[in-house]
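The values are calculated or read from the model by the stated rules, or taken from the named source; none is laboratory data. Just so it is clear, the structure is predicted and the values come from calculations on it, not from any experiment. Glycine also receives a Cβ, built like all others from the backbone with ideal geometry; neighbour counts cover every protein chain displayed. These accessible areas exclude ligands, DNA and RNA; they are computed on the full protein's heavy atoms, side chains included. Shrake-Rupley method; radii C 1.70, N 1.55, O 1.52, S 1.80 Å.
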Amino acid sequence: KIKEDVLRLLMTYVLADDLTNIPYVNKCFNRIVHSYLEQCLMKSTFSIPKDFSTLNRSFEILELLTTLSNYDPKKKVTLKLKKGVHEVIGEWVDQQFRGSQMLSVTCNTLSIVGEGQGKTMILGGFLVEHGESLSITGVTMKNLRGFGLVASGKIKVRDVTIEECQYNGITVRDGELDATECHFCQNESCGVSVGGSTTFARLTNCTSHHNKGEGVYVYGGAVVGLMGEG
């Protein structure tokens, strides 16, 4: 006897894996889950914590949407983060850096927009693979258990500080990096590391300082452009 709008609200708290199973409970749940996912498919901009309670929840649902038959792989998705701390819960399973506190970007084109450096804080990092793209604007990132960003795809960062990471602030391998008005500081390894003959990075009005490794480390035929008056 629970109203459907209440049940639909409850869907925002159900685990993504369970959303694929509960439609089999009864016809009512089937209809509600289908409606909730359709609404998510129609939207291109989501807010945290309004639409999704956490970063992890948003990534789980976005990954689930990519498995639906009517998903548009060219769709651009934006996550707006309110002021405050947004923590990544989970680990990137990697033989060399096992236990890193990172989320893997699964949708093709994702933008994360905060309310400014020092106002919106992300504790953790992101992994971008398989040529996918990630844009981040207006946040401060820290990852005491891993990298800030790791990419073999395309990364665009603007008005971002990446600091106090366990490893490099940004690592790009066979991908692209475009950074503007960004700061990479106090990381345990390099501020920025780019490698691979197909890698190109452009750093405009950026600073990289007080890292324990190189400020900008380039290897393996990668090309880096340093420009601006900042």
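Which pairs have Cβ atoms under 6 Å, sit 6 or more apart or on different chains, and link a residue in the stretch 158-186 that is under 18 Å from residue 132 (Cβ atoms) to one that is open to solvent by 10 Å² or more (accessible area, probe 1.4 Å) and small (Gly, Ala, Ser)?
Pairs that qualify, where the first residue is under 18 Å from residue 132 (Cβ atoms) and the partner is open to solvent by 10 Å² or more (accessible area, probe 1.4 Å) and small (Gly, Ala, Ser), are 173/152; 173/196; 174/152; 174/196; 175/152.
Being surrounded by fewer than 16 Cβ atoms within 10 Å (Cβ to Cβ), in a loop (DSSP other than H, G, I, E, B) and touching a Gly at 6+ places or on another chain (Cβ under 8 Å) is the filter here; which residues of the stretch 199-212 pass it?
Within the stretch 199-212, 205 is the sole residue that qualifies.
Looking only at the stretch 218-230, count how many residues are assigned to a strand (DSSP E or B) and in contact with a Gly (Cβ under 8 Å, 6 or more places away or on another chain).
Of the residues in that region, 2 qualify.
Do we have any residue at all in the stretch 209-229 that's at pLDDT below 95 and β-branched (Val, Ile, Thr)?
Checked the stretch 209-229: no residue is at pLDDT below 95 and β-branched (Val, Ile, Thr).
Looking only at the stretch 118-150, filter to residues that are assigned to a loop (DSSP other than H, G, I, E, B) and over 20 Å from residue 82 (Cα atoms); which one of those is modelled with the lowest pLDDT?
Looking at residues that are assigned to a loop (DSSP other than H, G, I, E, B) and over 20 Å from residue 82 (Cα atoms), I get 131.
All but one of (1) within 25 Å of residue 161 (Cβ to Cβ); (2) at pLDDT below 90 hold for residue 114; which doesn't?
The one condition residue 114 does not meet is (2).
Scanning for something open to solvent by 10 Å² or more (accessible area, probe 1.4 Å), within 25 Å of residue 57 (Cβ to Cβ) and touching a helix residue (DSSP H, G or I) at 6+ places or on another chain (Cβ under 9 Å), does the stretch 105-112 turn up at least one residue?
Yes: the stretch 105-112 contains one or more residues that are open to solvent by 10 Å² or more (accessible area, probe 1.4 Å), within 25 Å of residue 57 (Cβ to Cβ) and touching a helix residue (DSSP H, G or I) at 6+ places or on another chain (Cβ under 9 Å).
So which of 100, 47, 35 ends up being touching a Lys or Arg at 6+ places or on another chain (Cβ under 7 Å), of a type outside the set (Phe, Trp, Tyr), more than 19 Å from residue 156 (Cβ to Cβ) and at pLDDT 85 or above?
One residue alone meets the criteria, 47.
Which residue, of 195, 215, is touching a Cys at 6+ places or on another chain (Cβ under 8 Å) and either open to solvent by 40 Å² or more (accessible area, probe 1.4 Å) or not aromatic (Phe, Trp, Tyr) (or both)?
Among 195, 215, only 215 is touching a Cys at 6+ places or on another chain (Cβ under 8 Å) and either open to solvent by 40 Å² or more (accessible area, probe 1.4 Å) or not aromatic (Phe, Trp, Tyr) (or both).
Pick from the stretch 151-162 the residues that are open to solvent by 30 Å² or more (accessible area, probe 1.4 Å) and not in a loop (DSSP other than H, G, I, E, B): which of them is farthest from residue 225 (Cα to Cα)?
159
Looking only at the stretch 170-179, decide whether some residue is open to solvent by 20 Å² or more (accessible area, probe 1.4 Å) and touching a Ser or Thr at 6+ places or on another chain (Cβ under 6 Å).
Among the residues of the stretch 170-179, at least one is open to solvent by 20 Å² or more (accessible area, probe 1.4 Å) and touching a Ser or Thr at 6+ places or on another chain (Cβ under 6 Å), which makes the answer yes.
Can you name the residue in the stretch 54-93 that is open to solvent by 40 Å² or more (accessible area, probe 1.4 Å), among the charged types (D, E, K, R) and modelled with pLDDT under 90 and, of all such residues, is nearest to residue 115 (Cα to Cα)?
In this case the residue turns out to be 60.
So which residues in the stretch 129-148 are over 19 Å from residue 54 (Cα atoms) and under 13 Å from the mean Cα position of the chain (by Cα), if there are any at all?
Correct list: 129, 132, 133, 147.
Somewhere in the stretch 180-191, is a residue crowded, with 17+ Cβ neighbours inside 10 Å, within 19 Å of residue 111 (Cα to Cα) and in contact with a Phe, Trp or Tyr (Cβ under 6 Å, 6 or more places away or on another chain)?
No: zero hits.
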